[in-house]
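Coordinate-derived values only; no laboratory data. If you're wondering where the values come from, they're calculated on a predicted model, not measured in any experiment. When we count neighbours, we look across all protein chains shown, and the Cβ atoms used for this are built from the backbone with ideal geometry, even at glycine.
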Amino acid sequence: MGSLTGFPDGFEVGVSTAAYQIEGAAAEDGRGPSIWDTFAHTPGKTLGGDTGDVACDHYHRMGEDLGLMAGLGVAAYRFSIAWPRIQPDGSGEPHRLGLDFYDRLVDGLLERGIAAVPTLFHWDLPQALEDQGGWLSRETSFRFAEYAGIVADRLGDRVSRWITLNEPIVHMAQGYAFGSHAPGQALGFEALPVAHHQLLGHGLAVAALRAHGAAQVMITNNCTPVWPASGDEADQAAAMIYDGFHNRLFNDPVLLGKYPDFLGAMLEPVVHDGDLAIIRTPIDALGVNYYNPTRVGAPTQEDLPFDMRAIDEFPLTAFGWPVVPDGLHELLTGLKATYGDDLPPVYITENGCSTDEGTKDQFRIDYLDKHLGAVKRAIADGVDVRGYYVWSLLDNFEWAEGYSQRFGLVHVDFETQERTPKDSYHWLAAALR
Ligand code: IFM
């Protein structure tokens, strides 16, 4: 139980969720369709044909879920706002009922002494915008900034920390390059403009949020330490390329105002004068989602400049992801070494594991304990980490894997919607007390 001792004063432990993964009520109160509604309803796209139509029914059970967070004793709740609840067609006048829902959520959090940390985009793009090109279109960046301003106008008096995007790498790669997530496009490298347009949207949204009084603005990137498969030059070169695509494509422009050289050359046709200055608009903190390192070797297929290699010398989660707490320390100290004074304070905005243990989840307790320990060591080594949010409060809709991967501190019976706190919930609550 020592995992929460020894952190600096004010270190913020929270929980994280996302709208499409928990809310349900997909067609209620005027919410428009998102790309995830379309994708999940397309046969063969998600495991077992699962959809987020009902998910955890959080839209109707917000009170109960707020009670669970209060019982846990967390200081912050990171949730996402469903853009199609606010602008059902992706632009124009805000939809009152959508804003009302998040207004009630924010009030409910504050009444319980929990900071509200909304993410504006966690992959559920209004379908109407996808029909106009989605993030392949530059116009979507401007629509995103408009939406950010609308939300901040309504919630900004009570929300002090905002997150623009969640894991733009995953949305680009899975959604537009490989097609395993919505919108299901398999464009390979032709998907790269999606990176730039998301980042431009981020930069424009930072300004829109600040114009509405936002005190702190962050972006959340999924980051992974990249391990070359061997000391061979070809493996090392492949690892550098992978690091470029996964990490530096999203961190460098935000923190340094430039793309890694080889990616800058590929992106030249879509980068306009002044874009990088917008993207580089200083942020107050960097959100980092960490799950595992990635081992990369020299390419064996023609269409990719790297090859993913297994990491099988560590325990695996139910998802098959290696459990490497030291990787989080390596990642954080590596970010500091790479960006130095350009690295703002960091929040771990997601970390957690899926397991099949039901409510007796000792594997998750060990996982969280060890990863918190890694964060503590990174702080001792000079990295300014301000918080750690567990993914996730509830078992939920895990995208293409449907309901098969359970990441929650709270078990959800998806037939009855009964919530049962797991051992990890009680462990964390006791540690927080
Ligand atoms: O469930 C996802 C979340 O939406 C984004 N980060 C990774 C989690 C686990 O896959």
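What pairs from K258/K336; K45/K422; K370/K422 go past 26 Å between their alpha carbons?
Details: K258/K336 18 Å; K45/K422 30 Å; K370/K422 18 Å.
Long pairs (Cα-Cα over 26 Å): K45/K422.
Amide H to amide H under 5 Å from H181: which residues, 5+ apart in sequence or cross-chain, H placed 1.01 Å off N in plane?
For H181, the qualifying residues are G175.
Relative to the Cα centre, what is the charge dipole magnitude of the stretch 206-317, using +1 at the beta carbon of each Lys and Arg, -1 at the beta carbon of each Asp and Glu, and rounding to the nearest 20 debye?
600
Given H placed on each backbone N at 1.01 Å, which residues far from Y347 in sequence or on other chains put an amide H within less than 5 Å of it?
Answer set, sorted by chain and number: L286, G287, V288, R386.
So what's the net charge close to M308: Lys and Arg +1, Asp and Glu -1, counting the other residues with Cβ under 15 Å from its Cβ?
-3
Taking the inverse of the average 1/r across all pairs of different Cα atoms in the stretch 225-284, what Kirkwood radius in Å do you get? Each step should come with its number before you reach the end.
Numbers: mean 1/r = 0.0794 Å⁻¹.
Mean inverse Cα-Cα distance, inverted, gives 12.6 Å.
For the charge dipole of the chain, defined by +1 on Lys and Arg C-beta atoms and -1 on Asp and Glu C-beta atoms about the Cα centroid, which residue among G134, Y290, P345 has the Cα displaced farthest towards the positive pole?
P345
May I ask you to compute the full-extension gain from D307 to S137, defined as 0.36 nm times their residue separation minus their alpha-carbon distance, rounded to one decimal in nm?
Values: separation 170, 0.36 × 170 = 61.20 nm, distance 2.95 nm.
Answer, rounded to one decimal: 58.2 nm.
At 222 nm, what value in deg cm²/dmol follows for the chain if DSSP H runs of at least 4 each add -39500 (n - 2.57) and the sum is divided by all its residues, to the nearest 500? List each step's numbers first, then the result.
Numbers: 15 runs with 161 residues, N = 433.
Here the helix-only value at 222 nm equals -11000 deg cm²/dmol.
For the chain, what is the relative contact order in percent, using Cα pairs closer than 8 Å and at least 6 residues apart in sequence? List each step's numbers first, then the result.
On the way: 928 pairs, mean separation 78.8, N = 433.
Across the chain, relative contact order equals 18 percent.
Rounded to the nearest 20 Debye, what is the dipole magnitude of the chain about its Cα centre when Lys and Arg each give +1 and Asp and Glu each give -1 at the C-beta? Can you show the working numbers first?
Values: 30 positive and 60 negative charges, 206 e Å.
Approximately 980 debye in magnitude.
Residue-wise, which Karplus ³J(HN,Hα) couplings in Hz belong to the stretch 251-265, taking 6.51 cos²θ - 1.76 cosθ + 1.60, θ = phi - 60°, and x for glycine or proline?
Values per residue, Gly and Pro as x: 8, 4, x, 6, 9, 10, x, 8, 8, x, 3, 5, 7, x, 5 Hz.
Per residue Cα convex hull volume for the chain, in cubic angstrom? Present the calculation step by step, with values, prior to reporting the outcome.
Details: hull volume 58.0 nm³, N = 433.
Per-residue hull volume (Cα only) is 134 Å³.
In the stretch 295-433, how does Rg compare with the Kirkwood Rh, expressed as the Rg/Rh ratio over alpha carbon atoms? Walk me through the intermediate numbers first.
Details: Rg = 17.3 Å, Rh = 16.8 Å.
Rg/Rh: 1.02.
Binned at 10 Å from 0, what are the whole-percent values of the Cα-Cα distance distribution for the stretch 133-177, short to long?
For the stretch 133-177, the binned pair fractions read 23, 44, 27, 6 percent.
Between A27 and A265, what's the calculated FRET efficiency when r is the beta-carbon distance and R0 is 25 Å? Round to 0.05. Please list the in-between numbers first.
On the way: r = 44 Å, r/R0 = 1.77.
Computed FRET efficiency for A27 and A265 comes out at 0.05.
Mind listing the phi-derived Karplus ³J(HN,Hα) values for the stretch 361-371, rounded to whole Hz, using 6.51, -1.76 and 1.60 with θ = phi - 60°, and x for any glycine or proline?
For the stretch 361-371, the Karplus curve yields 9, 4, 4, 5, 4, 4, 4, 5, 4, 6, 6 Hz.
Taking amide H atoms as placed 1.01 Å from N in the peptide plane, list the residues 5 or more away in sequence, or in a different chain, whose amide H sits under 5 Å from that of G402.
Correct list: L47.
Say R0 is 25 Å: what FRET efficiency, to the nearest 0.05, do Y339 and F414 get from their beta-carbon distance? Write down the numbers at each step before the final one.
Working: r = 41 Å, r/R0 = 1.65.
About 0.05, to the nearest 0.05.
How large is the dipole of the stretch 331-428 about the Cα centre if only Lys and Arg carry +1 and Asp and Glu carry -1, each at its Cβ, rounded to the nearest 20 debye?
Numbers: 10 positive and 17 negative charges, 78 e Å.
With Lys and Arg at +1 and Asp and Glu at -1, about 380 debye.
Can you run phi through the Karplus equation (6.51, -1.76, 1.60; θ = phi - 60°) for the stretch 291-307 and list ³J(HN,Hα) in whole Hz, with x for Gly and Pro?
Values, residue by residue: 10, 6, x, 10, 9, 10, x, 4, x, 10, 10, 6, 8, 10, x, 8, 10 Hz.
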